[in-house]
Amino acid sequence: MRSEELLGPLFEQVPVGLLAVRPDGTVLLANQWMLEFFEPFTVDPDSRLMRVDWRRISLPDGRPVPPGTLPPERCLLERRQVGRQEYLYHGIAGDRSISIDAVPVLDADGTIIAYASTIVDETTNRRFLDQLGEIQRELDTHVRELNRVHRLIERLSSRSELHELLAETAEVVAELDGADLVGIFLEHGGELRMAASCGMSAEQIRIVNEVESKDLYTSRRSLLGLPTTLVDVHTEPGLPPAYRKALRALGAESVYSIPLPSADGTVLGSVVSVFRSVRMPSPHQRQLVETCGRIVAQLIINARVRARDRDVAVALQRSMMQSRLPEVGWGELATYYRAGSTGMYVGGDWFHAARLTDGRLSLVIGDVVGHGIDAVGTMGRMRSAVRAYTLPAEGTAPPGPLELATLLDHWCVATDYGLTSTACFADIRPDTRRCTLASAGHLPPLVVDPRAIPRFTHTDALGAPLGLLSEGAQPTEISFHLPPGATLLLYTDGLVERRGEDLTDGLARLAEVAMRELRNAETDGGDDLAAACARIAQACAPESATADDVAMMAFRMRR
């Protein structure tokens, strides 16, 4: 049996075009796939010449194929195999993607006696590859969006205060769904109120806040756990008139609202996205916003817990602070305290003032290491210890600053409380106007004299922090005169320290501000020392910029 009789049936079953052609164009083999795919494709029965309209074949972008560049043509011209090339075949049934290659067939002398070519319909493969590419692009988009959400959630998680968290959430939602305006509403006692917004002017916020809670249609639905879409607010039926009026004031065309559900199923409020054109977030955007909403709801709960803990700590600390200052007829005494403005930073600062039995005025200010409830407890114990030491048994002289510092240092070592905390101890004698001072690693007090440049009482440390005095160099006392009208200002580091700033800059700022405010207080008359201390605190450590407690004690000598 001849080879073509054996191979012929096999060639007819192959799902690609098979073609073998002599250099003169005589067709040796053309299987049925070729005859059916190319329209028209015929082989003359007498001459065996191939008849095909090659004009139906173009480059993949639709341009004509340059003459002599088809693989069979190049194979004969270059006398070598030409790899698979892609083309577009414009058939009667539609365009198809094909690939063509060509291999020369040589005799024993190396003469080309024919070429063999395969033609493959790549349309299905191309469609599959296109679909695969589309899937890959969608996956890449999802990965980018998930990374984006992760970064946004990190931004939200870094906010410890509730108002900061809500403001950041409004901005994040606008980034995720492309909303023009975003409002966050929280429920409290059955009432809904807007707690944060993004993109709204002060006037627009006022308009929304004037809408009664019962008329906040989308947020009311959110409390039932229902996301709400208002594709066209002008034609949407059933909207309360006050709510529709507010939406018009916002320039709203479409609204999308989601609930803020906590882990236990309680809905805390809603996030409302406002669009100034008729459109809605895509399903993917909605999924991202809803995921963000669930996470934010838990962050809101955490922030509320921290706020309650901070309120407890502040109340506890204020209850431990000295509420009644001793009467000092030969001077004016004032104190100031402000809890840290961030999270649980409340805690470590304290002060104590007492009239000693020998007539001296004893002033102590300290800063306990750490923050929160533990620091508050340590502060209370330390102040109680100082109070006990300054009330000695009858017939015993009250301690001076150096002795009091040493006693408190021993107390810290014995109790393990307040170790490495700092404190400053001063007493003032009314008869000599002499101030004696000792320090346990604390910042130097400031003396403001109306007739001289403000000066700090010392430049070198007078002693190690509490608990280390006995291990390091022994603390020393310094003594100086307080002229009439001069003010002695004791303070904690929250007044002068700022992140990223050198401490000397903070001390210089304190000296400048204290000189201005204390001199103005004396000149204006009637403006007491406590008010001046409050202005100094606001100027040196604005509440929005400090994360630490601020405490001050000020004593001004009468003229």
Over all viewing directions the Cα convex hull of the stretch 101-237 casts an average projected area in nm² of 17.1 nm²
Compute the Kirkwood hydrodynamic radius of the stretch 170-247, taking the inverse of the mean of 1/r over all pairs of distinct Cα atoms, and give it in Å to one decimal. 13.3 Å
Among C75, I113, V14, the residue whose Cα sits farthest towards the positive end of the charge dipole of the stretch 3-121 (+1 at Cβ of Lys and Arg, -1 at Cβ of Asp and Glu, taken about the Cα centre) is C75
Once you have the Kirkwood Rh of the stretch 226-275 from its Cα pairs, apply Stokes-Einstein at 25 °C and 0.890 mPa s and quote D in µm²/s. 208 µm²/s
Span from the the stretch 366-399 Cα centroid across to the the stretch 266-304 one, whole angstrom: 50 Å
For the stretch 143-312, just list the percent of Cα-Cα distances falling in each 10 Å bin from zero outward, please. 10, 41, 36, 11, 1, 0
Packing rank of 448-455, 267-274, where each peptide gets the mean count of other beta carbons within 10 Å, highest leading: 267-274, 448-455
Can you tell me the dipole magnitude for the chain around its Cα centre, using point charges on the Cβ only (Lys, Arg +1; Asp, Glu -1), in Debye to the nearest 20? 1440 debye
Per residue, how much space in cubic angstrom lies within the convex hull of the C-alpha atoms of the stretch 3-121? 111 Å³
Relative packing of peptides 422-430, 99-107 - highest average C-beta neighbours within 10 Å first: 422-430, 99-107
Calculated from DSSP helices alone, with each H run of at least 4 adding -39500 (n - 2.57) and the total divided by the residues of the chain, [θ]222 nm to the nearest 500 comes to -12000 deg cm²/dmol
Thinking of the chain as a set of Cα atoms, what percent of all their pairs are more than 41 Å apart? 57 percent
Using θ = phi - 60° and the Karplus form 6.51 cos²θ - 1.76 cosθ + 1.60, what ³J(HN,Hα) does each residue of the stretch 66-77 get, whole Hz, x for Gly and Pro? x, x, x, 9, 4, x, x, 5, 5, 4, 5, 6
Translational diffusion coefficient, Stokes-Einstein: compute it for the stretch 321-557 using the Kirkwood radius over C-alpha pairs as Rh, at 20 °C and 1.002 mPa s, and state it as an integer in µm² s⁻¹. 120 µm²/s
For a quick protection proxy, order the peptides 77-83, 434-440 by their average other-Cβ count within 10 Å, most packed first. 434-440, 77-83
With the label point 7 Å along the Cα-to-beta-carbon line of T124 and a cut-off under 15 Å to each amide N, the hits in the stretch 15-54 are 15-17, 33, 37
Using alpha carbons only, how many degrees (0 to 90, rounded to 10) separate the axis of helix 401-415 from the longest principal axis of the chain? 50 degrees
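Quick note: the coordinates plus some simple rules give every number you see, no bench work behind them. All values reported here derive from a predicted model rather than from experimental measurement. Positions of Cβ are backbone-derived with ideal geometry, glycine not excepted, and every protein chain shown enters the neighbour counts.
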